[in-house]
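**Q** Dropping the structure in here first, questions after.
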Amino acid sequence: MDAVSLPPLSAEQEALFRLIEDTDEHVFVTGRAGTGKSTLLQHFAWNTKKQIAICAPTGVAALNVEGQTIHSLFRLPIGLIADSEIDQSDPTRRILNAIETLVIDEVSMVNADLMDAMDRALRQARGRRAQPFGGVQVVMFGDPYQLAPVPPRGDEARYVEDHYRSFWFFDAKVWAGSAPGDDDGLLDLGRHGAQLHVRELVEIHRQSDDGFKAMLNAVRYGRVTAEIADVLNTQGARPQPDPEPGEVPMITLATRNDIVNSINRRHLMALGGREQTAKAEINGDFGRGESNFPADAELKLKVGAQVMFLRNDTAMAGEPPRWVNGTIGTVTRILGGSVRVDIDGEEVDVEPAVWERYRYAYNPLTKTLSRDVVAEFTQFPLRLAWAVTIHKSQGKTYDRALIDLGSGAFAPGQTYVALSRLTSLDGLYLSRPLRPRDIRVDEDVRRFMRAAWERNSTPEVTG
């Protein structure tokens, strides 16, 4: 996280920061796309006086918040954990004992079984089996309207059906009053179990047009009227404009990797000149498979290639960043140690960036947690960007984009994620009209969020 580039908090973000910092309450911070959840998380990480550990369900998500994966931090086995024994080494117990606040990013991808395993591991390590999470404050960030946990299959699916209302994190037994794996199979936490405070950030920073915001809300909550659909489809049906001289072509947001790879490969091959490959330097254990890498292990480029930046510019103090995560530009020159990229008429030299994988450790002398670098991934912070998957567009902002839903959105929230990347309705282009089945909302999410807002008496949510 770059402390220099952190924007100031809005009033609602500041109020939420104070709730997290000044109390021991368990808090789930959610909100529509572009409301600043990541900004609040970064601000808390830099400014809290508490001893925190930050984790996330996937390797890339953990890299984005400079934390550790949940499975690595807790030393949990991959797959359904259920009531199996949780083995804990002395170092793991010391780390879990030192945590005052556990921060979980992208919590909507965490399943109920994993949430209960974290609860049980903390109770076990801290010797406080009667306290949810062993007395640790849990602060979670995410939006269940955008990302979902990977659904279980086979015997795991049957186990989940027998033990949980749903596989979502909010249906974990720690919130309901029981936890699997205790001596009698049921641990009484009181009538309400661990209390979870759900707080939504409602001030949208990405879009300024109230009409477009209302349409995005309708897509988010699955309440798209015929009138809204007609506006979106009419706007999106325009022919794609040819880029002006010096203007980058429009990016395509597609549902599947094979579509994205095909588009990028076709455009790259169509360019003249020599193709050059930048190979990443990987030191330490960065996980298995490229899905754990923050950038391409082999980045193929040509002069004229359209690229997207994968992280913010670490600008000097007092200087505005030259680019942010998601900025699109065009390669104008490739040298041995740098790539020159044109961004809206201004050329910048881009050098390889280093992504660090962290692991928490306990220092017995200071009785504090430290974050140790255990692996490094060095590569240009660029990706070919004539097209990108909707999933990988998470957190990005585009002035205009072609949204290609192909044969249909295959996951709840996918269409909302794609549309909400845009800053305005003027930037919307569709490869085909939106269909009713493209607007999908998970019924368990609808049920949980409605109940949460009724408890909090929050009128903004109508889903």
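**Q** For a quick protection proxy, order the peptides 158-169, 51-62 by their average other-Cβ count within 10 Å, most packed first.
**A** 51-62, 158-169
**Q** Please get the size of the charge dipole for the range 248-385, origin at its Cα centre, with Cβ charges of +1 on Lys and Arg and -1 on Asp and Glu, quoted in debye to the nearest 20. List each step's numbers first, then the result.
**A** Details: 17 positive and 18 negative charges, 85 e Å.
That gives the range 248-385 a dipole magnitude of about 400 debye.
**Q** Quote to one decimal, in nm, the extra length available between Thr48 and Asp87 on full extension: 0.36 nm per residue of separation minus the C-alpha distance between them.
**A** 11.0 nm
**Q** A further question follows. Defining a contact as two alpha carbons under 8 Å apart and six or more residues distant in sequence, what relative contact order in percent does the chain show?
**A** Numbers: 891 pairs, mean separation 81.7, N = 463.
With pairs under 8 Å counted, the relative contact order is 18 percent.
**Q** While we're looking at this one, here's another question. I need the calculated FRET efficiency for the pair Leu365 and Ala214, taking r as the beta carbon distance and R₀ as 60 Å, to the nearest 0.05.
**A** Taking R0 as 60 Å, the efficiency between Leu365 and Ala214 is 0.60.
**Q** In the range 1-146, with Lys and Arg counted as +1 and Asp and Glu as -1 at Cβ, which of these residues, Ala53, His43, Ile95, has the Cα nearest the positive end of the dipole, that is, farthest along it?
**A** Ranked along the dipole, the leading option is Ile95.
**Q** So which lysines pass the test for Lys392, namely a Cα distance under 29 Å, with those fewer than 8 places away in the same chain ruled out?
**A** Lys37, Lys213, Lys279, Lys300, Lys302
**Q** In the set [x] 61; [y] 39; [z] 35, which value of percent of Cα pairs over 33 Å apart was calculated from the structure you see?
**A** Entry [y].
**Q** Arranged from highest to lowest average of other beta-carbon atoms within 10 Å per residue, in what order do the peptides 357-370, 415-428, 209-222, 107-120 appear?
**A** 107-120, 415-428, 209-222, 357-370
**Q** Counting helices only, and only those DSSP H runs with n ≥ 4, report the 222 nm mean residue ellipticity of the chain as the sum of -39,500 (n - 2.57) divided by its residues, in deg cm²/dmol to the nearest 500. Numbers along the way, then the final one.
**A** Details: 13 runs with 128 residues, N = 463.
That comes out to -8000 deg cm²/dmol.
**Q** Next question. With N denoting the number of residues in the range 113-156, provide Rg(C-alpha) divided by 2.2 N^0.38 Å, to two decimal places.
**A** Expressed relative to 2.2 N^0.38 Å, the Cα Rg reads 1.47.
**Q** R0 = 41 Å: FRET efficiency of Asp242 with Ile78, Cβ-based, nearest 0.05?
**A** 0.30
**Q** Under a Cβ-only charge scheme (Lys and Arg +1, Asp and Glu -1), can you give me the dipole magnitude of the chain about the Cα centre, in debye to the nearest 20?
**A** Computed about the Cα centre, the dipole is about 420 debye.
**Q** Toward the positive end of the charge dipole of the range 99-159, about the Cα centre and with charges on Cβ (Lys, Arg +1; Asp, Glu -1), which of Phe133, Gln146, Ile104 goes farthest?
**A** With unit charges placed on the Cβ atoms, the residue in question is Phe133.
**Q** Express in nm, to one decimal, how much length is gained between Ala297 and Glu319 on full extension, taking 0.36 nm for each residue of separation and deducting their alpha carbon distance.
**A** Residue separation times 0.36 nm, minus the Cα-Cα distance, leaves 4.9 nm.
**Q** Given R₀ = 25 Å, what would the calculated FRET efficiency be for Arg158 paired with Phe410, taking r from the Cβ atoms and rounding to 0.05? Working shown, then result.
**A** Details: r = 23 Å, r/R0 = 0.92.
Given R0 = 25 Å and the Cβ-Cβ separation, E is 0.60.
**Q** What nm value, rounded to one decimal, do you get for the distance between Gln276 and Asp258 when each label is placed 7 Å out toward the C-beta?
**A** With each label point 7 Å from Cα toward Cβ, the separation is 3.4 nm.
**Q** Taking the Cα centre as origin and putting +1 on Lys and Arg beta-carbons and -1 on Asp and Glu beta-carbons, what dipole magnitude results for the range 1-76, to the nearest 20 debye?
**A** Working: 6 positive and 8 negative charges, 43 e Å.
The calculation lands at about 200 debye.
**Q** Restrict the search to the range 267-300; then list the trypsin sites (Lys or Arg not before Pro) that DSSP places in a loop and that have at most 14 other Cβ atoms within 10 Å of their Cβ.
**A** Those that pass, being in a loop and sparsely packed, are Arg274, Arg288.
**Q** Taking the dipole about the Cα centre of the range 387-440, with the C-beta of Lys and Arg at +1 and of Asp and Glu at -1, give me whichever of Ala401, Leu428, Val417 is farthest to the positive side.
**A** The listed residue farthest towards the positive side: Val417.
**Q** Ignoring ligands, DNA and RNA, what percent of the accessible area of the chain is carbon or sulfur (1.4 Å)?
**A** 48
**Q** Around Leu16, what is the net charge, scoring Lys/Arg as +1 and Asp/Glu as -1 over all other residues with Cβ under 14 Å from its Cβ?
**A** -4
**Q** Further question on the same structure: Can you order the peptides 334-341, 378-385 by their average number of other Cβ atoms within 10 Å per residue, highest first? Don't skip to the end; give the middle numbers.
**A** Numbers: 334-341: 15.4, 378-385: 22.4.
Going by the mean number of other Cβ atoms within 10 Å, highest first, we get 378-385, 334-341.
**Q** In the chain, which helices (entire DSSP H runs) extend 27 Å or more along their own long axis, judged by Cα positions, while averaging at least 0.0 on the Kyte-Doolittle scale?
**A** Taking the DSSP H segments of the chain (at least 27 Å long, mean hydropathy at least 0.0), we get none.
The values are calculated or read from the model by the stated rules, or taken from the named source; none is laboratory data. Given the structure is predicted, the values throughout are model-derived calculations rather than measurements. Every residue, glycine as well, gets a Cβ built from its backbone with ideal geometry; the counts of neighbours run over all protein chains shown. We work out accessible area using only protein heavy atoms, side chains counted, and drop any ligands, DNA or RNA first. Shrake-Rupley method; radii C 1.70, N 1.55, O 1.52, S 1.80 Å.
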